[in-house]
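Below is one structure, written out as structure tokens; comments come after it.
The values are calculated or read from the model by the stated rules, or taken from the named source; none is laboratory data. Quantities reported herein were computed from a predicted structural model and do not represent experimental measurements. Cβ atoms come from the backbone with ideal geometry, glycine included; neighbour counts cover every protein chain shown.
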Amino acid sequence: AMSLTSTLSPVLSVVFSPRVSSAEEGTHLITAPTHHWDAITEMDEQNRPIHTFQVCNVMEPNQNNWLRSNWIQRQAAQKVFVELRFTLRDCNSIPWVSGTCKETFNLFYLETDQPHSATTRFLPVDTIAADESFTQTDLGDRVLRLNTEVREVGPVTRKGFYLAFQDVGACIALVSVKVFYKRCPSTLRNLAAFPDTVPRVDSSSLVEVRGACVENAEERDTPKLYCGADGDWLVPLGLCVCSLGHEETDGVCQACRPGFYKAFAGNTKCSKCPPHSSSHDQAGTICHCDKGFYRAAKDPSSMACTRSPSAPRNLISLINETALFLTWSAPSDSGGRKDLTYNVLCHRCSGAPGGEEDCEPCDADLRFVPRPLGITGTSVAVLDFAKHVNYTFYVEAVNGVSSLGQGSRPLANITVTTDQAGPSLVGVVRKDWASDNSIALSWLEGEQQPNAILDYEIKYYEKEQEQLSYSSTRTKTPRAVVTGLKPSTVYVFRLRSRTATGFTAYSNTFEFSTGDESKDVLCVCVSACVCACCNRCQGYIKAKIKSEDKRRGPFQNVVPFPGIKTYVDPDTYEDPTQAVHEFTKQIDPSRICIERVIGAGEFGEVCSGRLRTAGQTETPVAIKTLKGGYMERQRRDFLREASIMGQFDNPNVIRLEGVVTKSRPVMIVVEYMENGSLDSFLRKHDGQFTVIQLVGMLRGIASGMTYLSDMGYVHRDLAARNILVNEALVCKVSDFGLSRVLEDDPEAAYTTTGGKIPIRWTAPEAIAYRKFSSASDAWSYGIVMWEVMSYGERPYWEMSNQDVILSIEEGYRLPAPMGCPVALHQLMLHCWQKERGQRPYFSDVVSFLDNGIRFSLRSPVVIICPFSKLSFPESPEVMPHYPLFISIGDWLDSIKMSQYKSNFLAAGFTTLDSVSAMTLEDVRRIGVSLIGHQRRIVSSIQTLRLQLLSDQHNGFHV
Ligand code: ADE
């Protein structure tokens, strides 16, 4: 539920109270009684003193005794509440006072900006009567029949005010007067502080209050609360979260303890420092690595600190004629990381026998497969090595933090001599001649059998551009002319031969330069790259819509009831006139008599009128017209609703009488619903129905929806404004036509996905991804229940659509409307389950409400039923149906028109039955002259009539 806190009401003033002496309280005493009110101290049942003000001039006529409070400062109040506790003597228990003795007194107030002595111009608040009056016997028995009444005063705007009590001949003892106002008390919610807030005077609107994040917290989503009229905080939205280095404890953000840290703002707790790290101070946002351990730049703060790995183990080599293989196993200590790779470095030593080894880094020609650095496996192949050379290979293991550590890195090494390697070219490679762009080379064949050599490969590059790029060429003979060279440039050459077993090792390097003769012709072959782009397929391919998708809406997820006719979407007809023809009856316009315009629809006026039926009888009807100058599409959309409605036949679904399409204007004729739409009807009769009557309306709607959902029809816009109410309070579902209905509905708003949806009434899955189903209708039905039980209040008051979506998403739901039995609110909550599969079927709702009507709801006691069971416990006996008003006096009291009691009685209107038949004329005739009073009385008579009518019909038309 949305209600969050109970009201804390600041007391403006305890004018006086029985236990505290006026002098002690010292704030606002009732001023000295001007006439006949006496300050009297009495003893209560326990012999404790009670300070009271009393008056009891019941024998003398025309009493007018006033008692006034001191000036009471208004403070922040906009609406003030006065709680009166008093005892009042029953006139019947005092002999000889009839005519002079009264059983009420009046409460007045006067607003001023400062205290002054004038006591005129007091405004009436209310006439106060006792629920409990006492008799002489009670006095003898010392039974205190104390009444407590609370009245609203205001809106108040001046700096202060007086209260005054007027006695007109009653026997009263005023025991205490407490003056207070309501406010939403300052509170902490979601780590945001909300200040004391005074609600709006207008009880239907909420005050939106922004919260401020508590210390060491920051906003995630703007924290908001709404202050309701009763001083309750509603609908918490948004939140603050604890900043880094802080965690939430008991609603505040506390610093992380040493040894703990929090690296991000959020709703998480401080975490213990990961292994090999520590934090020494409070509010740690990160834990620092212990000596010798490190964190790589991309390591998350939650990761343990790590170190470089130890050396690889078991390094061995393997060599054949053309390749040298190195393999090793992983180091014993990975340093605590998984990002282990290996680098292979190489030194070449000229192993002069017995002499000093002369070592230098290996030639760049040496090839490593897959690569020399960043090897992820534990082996590498070394190619293109020279023969008779000592190569020393170093293998190091590295990880993400190797570069961060200091000191030497542990390496594994191995020396390999390439004597056993394959043949290479012996002798010298010679330059035969050179031109500007060519060099002719020749060489001696090696140890290899010449016929074993398949060909030679010559690799060469510009010496100055070493390593940047090299070229190669092949020849079958031991000579070659290398062309395409730059003039006067030194080139480096290496050769190798290829046999059936593969390549030999490369020869040593030879350097030759081109000459400056420029007679060589260089033949350049340029192969053009032609890019052909295909533009043909660049457009979008329109998504193909499957045929069943086209008719999704109403059939979605609905397994129509076996044996029950299913609804056919008129849109599935190629020719919409065919659907009109099939599902509606043509009415001869001469049978229709239009009387009045009662509203305006999207397509034209809505009128009331009569339809002549076969036996010359006339039925009241509502007539929807299509205004002239319409387009064909408008006519089709207009008649679409009739094609839908014409398929339904249920007492709780609006009935189509027929259509006029063969003449102008085009019309849809439906049954007339005297009380119009349910939302405005309830607003007009605020507070005037019994719970059981409201439940009867809801039962009717649920019954209509059971029928529609069994037919496979999904309404999509179920809301009180789309329910019509007839003379006998029967509610009927109306407004059909899917998309068109939404176009027409002023409540429908565009969603981010472009659909038009009445957000406050629509289930979350339908808003989010247009998943409309009977289950989403059940959600809307829950909202209708709330509208009905709150007499047409706007769901979620004036919260924005965005806030409604957010609060629903966060799990909040509308609270029970005032006076709504808990069981009904439970049913609403059941309809508002996030999981659509868990919402009730309409048929279950009907049974539930039927049980409620028969049992619990008749009881004035609210029975709480378990949410999951969703049933009312059977009460042991059927409670009597309480009549709404017992007497004319009660009725007039309830509408605050008690002053006309004698007018009614004197004119002979002594029973509610007779009153219910009164007209405005009658009301004027008996002496009610103020127009406002006439209106109030006539409106209440109409309700009375409805109530009596529905009582006769055994409670409800369902
Ligand atoms: N307004 C729209 N339709 C109506 C109907 N059927 N009866 C009364 N008022 C209406």
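Considering only residues in the stretch 704-716 that are in contact with a strand residue (DSSP E or B) (Cβ under 9 Å, 6 or more places away or on another chain) and either within 16 Å of the ligand (Cβ to nearest atom) or of a type outside the set (A, V, I, L, M, F, W, C) (or both), the one that is farthest from N652 (Cα to Cα) turns out to be R716. The lone criterion from (1) surrounded by 12 or more Cβ atoms within 10 Å (Cβ to Cβ); (2) away from the ligand (no atom under 16 Å from the Cβ) left unmet by G615 is number (1). Filtered by the rule that a residue be more than 22 Å from L806 (Cβ to Cβ), surrounded by 15 or more Cβ atoms within 10 Å (Cβ to Cβ) and modelled with pLDDT under 90, the stretch 201-230 gives V201, A229, D230. The set of residues in the stretch 677-696 that are crowded, with 19+ Cβ neighbours inside 10 Å and within 16 Å of the ligand (Cβ to nearest atom) comprises S677, L678, D679, F681, L682. Among the residues of the stretch 269-301, those that are part of a strand (DSSP E or B) and either modelled with pLDDT under 95 or farther than 18 Å from S402 by Cα (or both) comprise S271, K272, S278.
Per this entry, L738 is not counted among residues that are modelled with pLDDT of 95 or more, touching a Gly at 6+ places or on another chain (Cβ under 8 Å) and not small (G, A, S). Of all residue pairs spaced 6 or more apart or on separate chains, those with beta-carbon atoms under 7 Å, a first member in the stretch 652-680 that is at positive phi and a second member that is within 12 Å of the ligand (Cβ to nearest atom) are G658/V669; G676/L724; G676/V725. Looking across the stretch 566-587, the residues that are in a loop (DSSP other than H, G, I, E, B) and either within 16 Å of the ligand (Cβ to nearest atom) or out of contact with any strand residue (DSSP E or B) (no Cβ under 8 Å at 6 or more places or on another chain) (or both) come down to T566, Y567, V568, D569, Y573, E574, D575, T584, I587. Among the residues making up the stretch 918-937, those that are modelled with pLDDT of 80 or more and surrounded by 13 or more Cβ atoms within 10 Å (Cβ to Cβ) are M918, L920, D922, V923, R924, I926, V928, H933, Q934, I937. Only residues that are surrounded by 16 or more Cβ atoms within 10 Å (Cβ to Cβ), closer than 24 Å to G737 by Cα and free of Cβ contacts under 8 Å to residues at least 40 places away in the same chain were counted across the stretch 574-608, and they come to 4.
Applying the condition of being among the small types (G, A, S) and under 30 Å from D710 (Cβ atoms) to the stretch 618-647 and asking which residue is surrounded by the fewest Cβ atoms within 10 Å (Cβ to Cβ) yields A622. Only one of the numbered conditions (1) surrounded by 20 or more Cβ atoms within 10 Å (Cβ to Cβ); (2) closer than 30 Å to R295 by Cα is not met by L411, and that is (1). Within the stretch 828-850, how many residues are touching a helix residue (DSSP H, G or I) at 6+ places or on another chain (Cβ under 6 Å), under 19 Å from L708 (Cβ atoms) and not aromatic (F, W, Y)? Number of matching residues: 8.
Residues are listed down the side, and each one gets a yes or a no for (1) within 12 Å of the ligand (Cβ to nearest atom); (2) of a type in the set (S, T, N, Q); (3) in contact with an Asp or Glu (Cβ under 8 Å, 6 or more places away or on another chain):
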| position | (1), (2), (3) |
| --- | --- |
| G599 | yes, no, yes |
| F603 | no, no, yes |
| R610 | no, no, yes |
| T619 | yes, yes, yes |
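Selection within the stretch 212-251: residues that are of a type in the set (V, I, T) and in contact with a Gly (Cβ under 8 Å, 6 or more places away or on another chain). The member of this set that is farthest from K272 (Cα to Cα) is T222. Take the residues in the stretch 660-671 that are buried (at least 20 other Cβ atoms within 10 Å of the Cβ) and within 14 Å of the ligand (Cβ to nearest atom); name whichever of them is farthest from V714 (Cα to Cα). Here the residue is M667.
Quick one: is T148 among the polar types (S, T, N, Q), modelled with pLDDT of 90 or more and outside any strand (DSSP E or B)? The answer is no for T148.
When the stretch 639-655 is filtered for residues that are within 15 Å of the ligand (Cβ to nearest atom) and small (G, A, S), the ones remaining, listed by number, are A642, G646.
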